[in-house]
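Contents: one structure, followed by commentary.
The values are calculated or read from the model by the stated rules, or taken from the named source; none is laboratory data. Note that the coordinates shown come from a computational prediction; the quantities given were computed from them, not determined experimentally. All Cβ positions, even for glycine, are placed from backbone atoms using ideal geometry, and neighbour counts span all protein chains on display. Heavy atoms of the whole protein, side chains included, go into the accessibility calculation; ligands, DNA and RNA do not. Shrake-Rupley method; radii C 1.70, N 1.55, O 1.52, S 1.80 Å.
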Number of protein chains: 2
Amino acid sequence: VVRVSLAGICGTDLELRDGYAGFAGVPGHEFVGVVETAPDAEEWSGRRVVGEINAACGACPECGRGARAHCERRTVLGIRGRHGAFAERLVLPVANLHEAPRSVPDEAAVFAEPLAAALRLQEQVPVAPGTRVVVVGAGRLGLLVARTLALTGCELRVAARGPDRRSRVEALGLPAWDAASLPGRWADVAVDCTGRPEGLAVAHHVLRPRGALVLKSTHAQPAPLNLSPLVVDEITVVGSRCGPFPPALALLAEGKVAVADLVEATYPLDEAGAAYAHAARPGALKVLLRAT
Amino acid sequence: VVRVSLAGICGTDLELRDGYAGFAGVPGHEFVGVVETAPDAEEWSGRRVVGEINAACGACPECGRGARAHCERRTVLGIRGRHGAFAERLVLPVANLHEAPRSVPDEAAVFAEPLAAALRLQEQVPVAPGTRVVVVGAGRLGLLVARTLALTGCELRVAARGPDRRSRVEALGLPAWDAASLPGRWADVAVDCTGRPEGLAVAHHVLRPRGALVLKSTHAQPAPLNLSPLVVDEITVVGSRCGPFPPALALLAEGKVAVADLVEATYPLDEAGAAYAHAARPGALKVLLRAT
């Protein structure tokens, strides 16, 4: 049992509200908190933790091959069969917990989950110095993904709509391009962080033949995707979800990925409705909920 | 200039007729013929050849990285900016030609192009003994793809609709599964050879998380693809088009991939309309056009 300190609202939470995945419990899967009770109380009680969101069975074929995030019988914190972090307390297996390093304040530790998800991309698609990468979408997810990619020395651009959005990207130290006038066939890797059909189209446009189009957002609605160009250009589309916590925590501890400037507002838990409305504003950055 | 002997009708030809790619010239891109004239006439005249369909500029970035099939300024035989093989003669750069081995009759050599395309898959996705592979679609393309995959020692199944189609698959020496009742999450690799949204859905269903979904068919119409499951299951979708001719010709010469039993009918060129109608029948195998 973890007493939640701080939780983050993610695009998936907004989609869950709109019916995605048919989830009807307490949402929330980005959190930092303090262990209240645990099977090994001496070991865990009072530790400040973040947590991996997939609770796996340990026995199915996917668990057998080490893909616990794909366990057939998994529950997922705040998404599938398990109440989430927008509450005073949540419950996760001890195996899912990681202690938050002392040097990482709650306001940064709450980013462990989305930062891990951003890092997942680099486990799936090679990104190296010289690789041309375009991140489509300059919201909370796109900027976080862009910051992890910037560490690789790749040729990075963030595609954003409108001068305000682009100024914000540049103010955060990232190179911005106008999403409406991207060059065609430029990128080796394009990452859709918009979760919208338009974003997908932009990502496809900027991609060179044989490039990789990474889907980093869930889409609440089926998108009409024109498949023939994927075949003709031999594009690889890569779905990307949860990632590794230890490197995410290390990056936060070392200050190599800044997150403080990605927080737009913090609401108390009993104002969750207003917090959701804020998070749903176009282009909103991270909105946090303070539970205790 | 190649005098066409025999040409094959492919699903793409039917889609071109229905408006795909906006092509208005002579279609046809699978052929075997005899060189009539060439810049180096002494070297080439009278040789029996097959041909790669992408005529590249040799100077653009894609050509520079060796991806001539993706040349920005390419013409494509019978598909884009270049009249094709459903004619008495066609024109291709000498660089595109491969001599047909003596031991390979016209009726087999005409399969060089689709066989090369089938082999392309194995350049993109690792397939080895033990890899579980499902080919969705038991038409001319699916069966050819399945035969190339059978060479790898993978655990192969061909998903076909209806008992007649499955009997045909089994009569060709391939293991058949009912497309309507495939197990979920079974395959490491699923190959859509149907070009239809239903086929894509079947391929996705049979695929395990983190599996590869290969698109081997062009789709004339945009398909509404539900993207969230691709993200949640971290599926990789791989577009796959043209492949290497030398191994295709070697397999035909060595008799390692049978093709004679994939020919359903041969029509003279002046009955091309009837040939198209035949090729468009559901589940039709290869229909050939004899030009000379």
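Structure above, values below:
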item	result
Sole exception among (1) under 21 Å from B:Ala250 (Cβ atoms); (2) in contact with a strand residue (DSSP E or B) (Cβ under 6 Å, 6 or more places away or on another chain) for B:Arg82, by number	(1)
From B:Pro129, B:Pro93, B:Pro101, B:Pro105, residue being over 17 Å from B:Leu288 (Cβ atoms) and open to solvent by 50 Å² or more (accessible area, probe 1.4 Å)	B:Pro129
Failed item, numbered, when A:Gly25 is tested on (1) touching a helix residue (DSSP H, G or I) at 6+ places or on another chain (Cβ under 7 Å); (2) over 14 Å from A:Ala95 (Cβ atoms)	(1)
Search result, residues across region B:190-199 that are touching a residue at least 40 places away in the same chain (Cβ under 8 Å) and facing chain A (nearest Cβ under 10 Å)	B:Asp192, B:Gly195
Strands (runs of 3 or more DSSP E) wholly inside region A:1-115 containing at least 2 residues that are more than 19 Å from A:Arg241 (Cβ to Cβ) and in contact (Cβ under 8 Å) with a residue 40 or more places away in the chain	A:2-9, A:30-35, A:48-51, A:97-99
Only one of A:Val169, A:Val202, A:Val191 that is of a type in the set (Val, Ile, Thr) and farther than 17 Å from A:Arg140 by Cα	A:Val202
Which listed residue, of B:Leu141, B:Leu97, is more than 14 Å from every other protein chain (Cβ to nearest Cβ) and among the aliphatic types (A, V, I, L, M)	B:Leu97
Residues that are out of contact with any helix residue (DSSP H, G or I) (no Cβ under 7 Å at 6 or more places or on another chain) and in contact (Cβ under 8 Å) with a residue 24 or more places away in the chain, drawn from region A:279-292	A:Leu288, A:Thr292
Boolean, B:Arg168 is within 11 Å of another protein chain (Cβ to nearest Cβ), in contact with a strand residue (DSSP E or B) (Cβ under 8 Å, 6 or more places away or on another chain) and basic (Lys, Arg)	no
Single residue of region A:171-189 satisfying the filter (within 14 Å of another protein chain (Cβ to nearest Cβ) and touching a residue at least 40 places away in the same chain (Cβ under 8 Å)) that is nearest to the chain's Cα centre (by Cα)	A:Val189
Subset of region A:28-54 [small (Gly, Ala, Ser), crowded, with 21+ Cβ neighbours inside 10 Å and in contact with a helix residue (DSSP H, G or I) (Cβ under 6 Å, 6 or more places away or on another chain)]	A:Gly51
Test: residue in region B:218-239 that is closer than 21 Å to A:Leu215 by Cα, among the acidic types (Asp, Glu) and in contact with a Ser or Thr (Cβ under 8 Å, 6 or more places away or on another chain)	yes
Test: residue in region A:264-277 that is within 29 Å of B:Leu230 (Cα to Cα), touching a residue at least 60 places away in the same chain (Cβ under 8 Å) and touching a Lys or Arg at 6+ places or on another chain (Cβ under 9 Å)	yes
Count of residues meeting criterion [open to solvent by less than 40 Å² (accessible area, probe 1.4 Å) and assigned to a helix (DSSP H, G or I)] in region A:141-152	8
Number of the condition not met by A:Gly211 [criteria: (1) crowded, with 21+ Cβ neighbours inside 10 Å; (2) part of a helix (DSSP H, G or I); (3) more than 7 Å from every other protein chain (Cβ to nearest Cβ); (4) not hydroxyl-bearing (Ser, Thr, Tyr)]	(2)
All positions within region A:183-238 that are in contact with a Cys (Cβ under 7 Å, 6 or more places away or on another chain) and at pLDDT below 90	A:Ser217
1 or more residues open to solvent by less than 40 Å² (accessible area, probe 1.4 Å), basic (Lys, Arg) and away from every other protein chain (no Cβ under 14 Å): qualifying strands (runs of 3 or more DSSP E) within region B:214-292	B:286-290
